[in-house]
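The values are calculated or read from the model by the stated rules, or taken from the named source; none is laboratory data. Quick caveat, the model's predicted, so the values are computed rather than measured. Cβ atoms come from the backbone with ideal geometry, glycine included; neighbour counts cover every protein chain shown. When the accessible area is computed, the model is the full protein with side chains, heavy atoms only, and any ligands, DNA or RNA have been set aside. Shrake-Rupley method; radii C 1.70, N 1.55, O 1.52, S 1.80 Å.
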Amino acid sequence: MRKSDLALPKNKFAPLLLKWNKEKNNRQMPWKGEKDPYKIWLSEIILQQTRVEQGLNYYNNFVKAFPDIHKLAKASDEKVFKLWEGLGYYTRCRNLLATARFISKELKGKFPDDYEELKSLKGIGPYTAAAISSFAFNLPYAVVDGNVFRVLARVFGIYTATDSTEGKKLFTALADELLDKKQPGLYNQAIMDFGAVICKPATPLCTICIFKKNCVAFLTNKVNELPVKEKKITIRKRWFHYLVLEYKNEIAIQQRTAKDIWQDLYQFPLIEANTELAVINILQQATKKKWLVKKDYEVASVSPLFKQQLSHQLIAGQFIRIQLKRQAKDNNGWVWVTKSKMAKYAFPQFINQYLKEKRVQQSLF
DNA sequence: AAGACGGGGAC
DNA sequence: GTCCCAGTCTT
């Protein structure tokens, strides 16, 4: 028997999926059945590369703070980034604001109802354009996200890498072919729920799966080998040595502007290296940069080592708290803020770890 | 075509 | 530790 004899006829896929959706799917999410394109868009941006459980509170907070696109468009960068703080992939936040302001002003608040026009907006790619098109406007575009790659790779036994150009093309074509074009929104929601609840990445529930009689991966015992990805990430290690400069009741912070991790977030004056630096070395470098003047400062404390594992970088570093007797002349692009104002700015979680410890230990900041 | 971009949960 | 998550953008 050949694989093609086992494989599910393509026209049976949607009916089986929708039957499962109707009878067995009780996954609930606040944006499910939502028709307001603004809220759909918001949920989709938040959920890019982000698990539903992680994004849930952020979605609720955003909807509460900004009930419509004009409210979001009028908000300050600072406030919006603070609300996004901790969610990661901060470019999403910058693009969210840019697109909100564009739609609010240039389109007078009317959300585009066309796939190509949606895709031309900042932060909206093929997936998000398909999601908004189908959920808000019932247009026949199939979503292709991590769930869809996984479900289709397994059910149809496709070994083409999902992160290759060929794979994206192949899976997108198949997804469009399988789509129930009469009810694209319902279908798209169903296949993503199915991937999240049944056809999970690890330990999928094959024994109760509606496709088990036809799933190529299951029948050939290859469920754990699909889907295939070809690229493997390399991890870069970086050392961040932060100077927490205090003068009276103020702290120096600066915004990260480089095209790098944590762009647009705030931090303390930083000395980065590819190895761990001794405290004396850090102080020397800071002096050379004129951040510190000899005899005009005092080291108040040196934090323990902090570490944070990111997907593609390992961040290690520490925080040196320094009391200044005189404020530095050059502002070096710093902003001096009172400790109570610190809470208005968005910081990377690496720094929040430290701030949290500090608050607990010494009720600082 | 390949890399960069966060953070957290599951195993 | 490793993998993955309702992906997108830049080079």
Segment A:146-267: projected area of the alpha-carbon convex hull, averaged over directions, in nm²: 12.6
GluC sites (Glu not before Pro) lying in DSSP loop within segment A:210-275, provided at most 14 other Cβ fall within 10 Å: A:GLU230
Crossing angle, helix A:52-65 versus chain A [Cα axis fit, 0-90 degrees, rounded to tens]: 70
Descending principal axes extents, segment A:225-365, alpha-carbon based, whole Å: 61, 30, 28
Label-point separation in nm, A:GLU117 to A:LYS10, each point 7 Å along Cα→Cβ: 3.0
Crossing angle, helix A:349-362 versus chain A [Cα axis fit, 0-90 degrees, rounded to tens]: 50
A:THR257 paired with A:SER303, simple spin-label distance in nm, labels 7 Å along Cα-to-beta-carbon: 2.4
Accessible-area composition of chain A, carbon plus sulfur, in percent [1.4 Å probe]: 52
Segment A:71-147 pair-distance distribution - Cα-Cα, 10 Å bins, rounded %: 19, 43, 33, 5
Backbone N within segment A:240-276 under 18 Å of label point (7 Å from A:ASP296 Cα along the Cβ vector): A:243-253, A:269-270
Volume per residue of the C-alpha convex hull in segment A:235-313, rounded to whole Å³: 117
Reachable aspartates and glutamates from A:LYS213, criterion Cα separation under 14 angstrom, eight or more residues apart if same chain: A:ASP5
Distribution of pairwise C-alpha distances over segment A:127-197, 5 Å bins, in %: 3, 19, 30, 26, 15, 6, 0
Net charge over other residues, Cβ less than 11 angstrom from the Cβ of A:ASN61 (K, R count +1; D, E count -1): +1
Beta bridges by DSSP in chain A, antiparallel share as percent, to the nearest 5: 65
Chain lengthening between A:LEU107 and A:GLU177 when straightened (0.36 nm per residue, less Cα-Cα): 21.9 nm
Ordering of A:130-141, A:82-93 by burial proxy (mean other Cβ atoms within 10 Å per residue, highest first): A:130-141, A:82-93
Fully extended contour minus Cα-Cα distance, from A:LYS79 to A:LEU270, at 0.36 nm per residue: 66.4 nm
Tail fraction, Cα-Cα pairs, segment A:271-345, threshold 21 Å, whole percent: 40
Rounded to 10°, Cα long-axis angle of helix A:10-23 versus longest principal axis of chain A: 70
Unit Cα scatterers, Debye sum, segment A:1-114: log10 I(q)/I(0) for q = 0.22 Å⁻¹: -1.22
Zero-based 20 Å bins, Cα pair distances in chain A, whole percents: 25, 45, 26, 4, 0
Restraint check, A:LYS295/A:LYS339; A:LYS237/A:LYS295; A:LYS71/A:LYS232; A:LYS32/A:LYS105; A:LYS74/A:LYS169, Cα-Cα greater than 30 Å: A:LYS237/A:LYS295; A:LYS71/A:LYS232; A:LYS74/A:LYS169
Segment A:236-362: antiparallel DSSP beta bridges as a percent of all, rounded to 5: 65
